[in-house]
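Peer 1: Got a structure for you, questions after.
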Amino acid sequence: TNKVQNWIDNYLEVFRNKDNSNLKFGVIVNYNNENHKYTVDSVNYIRKQLFNTNEKYVKGDLIMMQSIEFSSKEKGKGKFLIGKEERLLVQSVEKKDKTLNFTYRNKGEKDNSIFSITVPVYEFEVLNEDNKTLLFDSLALENKIADYFKDNTDLTLDSLNLEGKIPNNLNQMYLLISQRLADVTYAYVVNSHKVQGSSYDQTFVDEDNLLTARNFKEKLQLLYTAYTRSKFKTEVKTKAVQEIESED
């Protein structure tokens, strides 16, 4: 029973003792996506134990890239491509208002046009799995970029502090901006679908959560994926263990 109760605390111990140059130290694998209340509650608990702060991102935080093949800068060098769902360890982060300039061309026009936005961003310096230090910005508004632009009825251009000639096509504007501002999320708890093809030194499998999948075949696939991610050790959170120990 204690093993079940201390499951996340075991993860925290692994996290605290990690080698900062090795982002494969451990991952919690579940079924629900990152927006699910269960996952959010788990992440909130982990971050409170680690940092005890209400700041959205802090040094030492574990984050994950949501943008597809986002282009950042390697510190002291040129551009570097970050893969989607790549785990990153925050070295430093600063929130500030930043003006970004964009050059584009409207359909049918010969000359380039220019516009700029001024928005709050998080300036990140992170360490990737190859021990490279990368620099990029992420939008510090309430929603991710994709969510922010998804429904034009909720699009408030005022919050972008636009200047210059606005593109005729708002989707074009979204594409331009999204190439400069990354979408990130926390990377403590990871969907089983997302860890396919990845390997970790140690995994923490939330079997109870994986079994909330309704389709039996999907349950088997989720469990197989979760249980085959670890190189050395797998810890499992399951009611079955609790029930067996209770009978004893």
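The values are calculated or read from the model by the stated rules, or taken from the named source; none is laboratory data. Please read all numbers here as calculations on a predicted model, not as lab measurements. Cβ sites come from the backbone with ideal geometry, for glycine too, and all protein chains shown count toward neighbours. In case anyone asks, the SASA skips ligands and DNA or RNA and just uses the protein heavy atoms, side chains included. Shrake-Rupley method; radii C 1.70, N 1.55, O 1.52, S 1.80 Å.
Peer 1: Tell me which residues come under 5 Å, amide H to amide H, from Glu235 once H is placed; ignore anything under 5 positions away on its chain.
Peer 2: Those lying under 5 Å, H to H, from Glu235 are Thr203, Phe204, Val205.
Peer 1: Go through Tyr104, Ala182, Gly60 and say which Cα lies farthest out towards the positive end of the charge dipole of the chain; charges sit on Cβ, +1 for Lys and Arg, -1 for Asp and Glu.
Peer 2: Tyr104
Peer 1: Right, here's the next one. Looking at (1) 17.8; (2) 20.1; (3) 18.4, which value of Kirkwood radius over Cα pairs in Å comes from a calculation on the structure shown?
Peer 2: (2)
Peer 1: Continuing with the same structure: Leaving ligands and nucleic acids out of the surface, order Thr39, Thr118, Thr99 by accessible area at 1.4 Å, largest first.
Peer 2: Most to least solvent-accessible, the answer reads Thr99, Thr118, Thr39.
Peer 1: Could you give me the ³J(HN,Hα) list for the range 164-179, computed from phi with Karplus coefficients 6.51, -1.76, 1.60 and θ = phi - 60°, whole Hz, x at Gly and Pro?
Peer 2: In residue order, the calculated couplings are x, 8, 6, x, 4, 9, 5, 5, 5, 5, 4, 4, 4, 5, 5, 6 Hz.
Peer 1: Pull up the cross-link candidates among the lysines for Lys107, meaning alpha carbon to alpha carbon under 24 Å and not fewer than 8 places away within one chain.
Peer 2: Hits, sequence-local ones excluded: Lys150, Lys165.
Peer 1: Exceeding 26 Å between C-alpha atoms, which entries from my cross-link table qualify? They are Lys217/Lys237; Lys77/Lys233; Lys56/Lys231; Lys37/Lys194.
Peer 2: Over 26 Å apart, Cα to Cα: Lys77/Lys233; Lys56/Lys231.
Peer 1: Take the Cα atoms of the range 52-113, find their three principal axes, and give me the spread along each one in whole Å, biggest first.
Peer 2: Projected onto the principal axes, the Cα atoms of the range 52-113 cover 53, 25, 24 Å.
Peer 1: For the chain, give the magnitude of the charge dipole about the Cα centre (Cβ charges: +1 Lys/Arg, -1 Asp/Glu; no others), in debye to the nearest 20.
Peer 2: Result for the chain is approximately 700 debye, rounded to the nearest 20.
Peer 1: Calculate one ³J(HN,Hα) per residue across the range 103-110 by plugging θ = phi - 60° into the Karplus curve 6.51 cos²θ - 1.76 cosθ + 1.60, and present them in order as whole Hz with x for glycine and proline.
Peer 2: With coefficients 6.51, -1.76 and 1.60, one gets 10, 8, 9, 5, 4, x, 9, 8 Hz.
Peer 1: Suppose only helical runs count, i.e. DSSP H with n ≥ 4. What mean residue ellipticity at 222 nm does that imply for the chain under -39500 (n - 2.57) per run, divided by all residues and rounded to the nearest 500 deg cm²/dmol?
Peer 2: After summing the helix terms and dividing by residue count, I get -7500 deg cm²/dmol.
Peer 1: Follow-up. To the nearest 10 square angstrom, how much accessible area does Glu125 have with a 1.4 angstrom probe?
Peer 2: 40 Å²
Peer 1: Taking H as built 1.01 Å from N, whose amide H comes closer than 5 Å to the amide H of Glu86, not counting residues under 5 places away?
Peer 2: Here Met65 satisfy the definition.
Peer 1: List the residues of the range 215-230 whose backbone N lies under 19 Å from a point placed 7 Å from the Cα of Asp19 along the Cα-to-Cβ direction.
Peer 2: 230
Peer 1: Sticking with this one: Cα centroids of the range 216-230 and the range 44-67: how far apart, whole angstrom?
Peer 2: Using only Cα atoms to place each centre, the spacing works out to 27 Å.
Peer 1: Any chance you could look up the accessible area of Ser116 with a 1.4 Å probe, heavy atoms only, rounded to 10 Å²?
Peer 2: Accessible area of Ser116: about 10 Å².
Peer 1: Put Lys56, Lys37 in order of accessible area, largest first, 1.4 Å probe: what do you get?
Peer 2: Descending order: Lys37, Lys56.
Peer 1: Over the chain, what is the relative contact order in whole percent, taking alpha-carbon pairs under 8 Å and six or more residues apart?
Peer 2: Relative contact order of the chain: 26 percent.
Peer 1: With every protein chain left in place and a probe of 1.4 Å, what is the accessible surface of Asp130, to the nearest 10 Å²?
Peer 2: Surface accessible to solvent at Asp130 totals approximately 110 Å².
Peer 1: If you plug each phi of the range 67-76 into the Karplus form 6.51 cos²θ - 1.76 cosθ + 1.60 with θ = phi - 60°, what whole-Hz ³J(HN,Hα) values come out, in order, with x for Gly and Pro?
Peer 2: 5, 8, 6, 6, 8, 10, 10, 7, 4, x
Peer 1: Further question: Can you pull a Stokes-Einstein diffusion coefficient for the range 5-134 at 37 °C (0.692 mPa s), Rh from Kirkwood over Cα pairs, as a whole number of µm²/s?
Peer 2: 190 µm²/s
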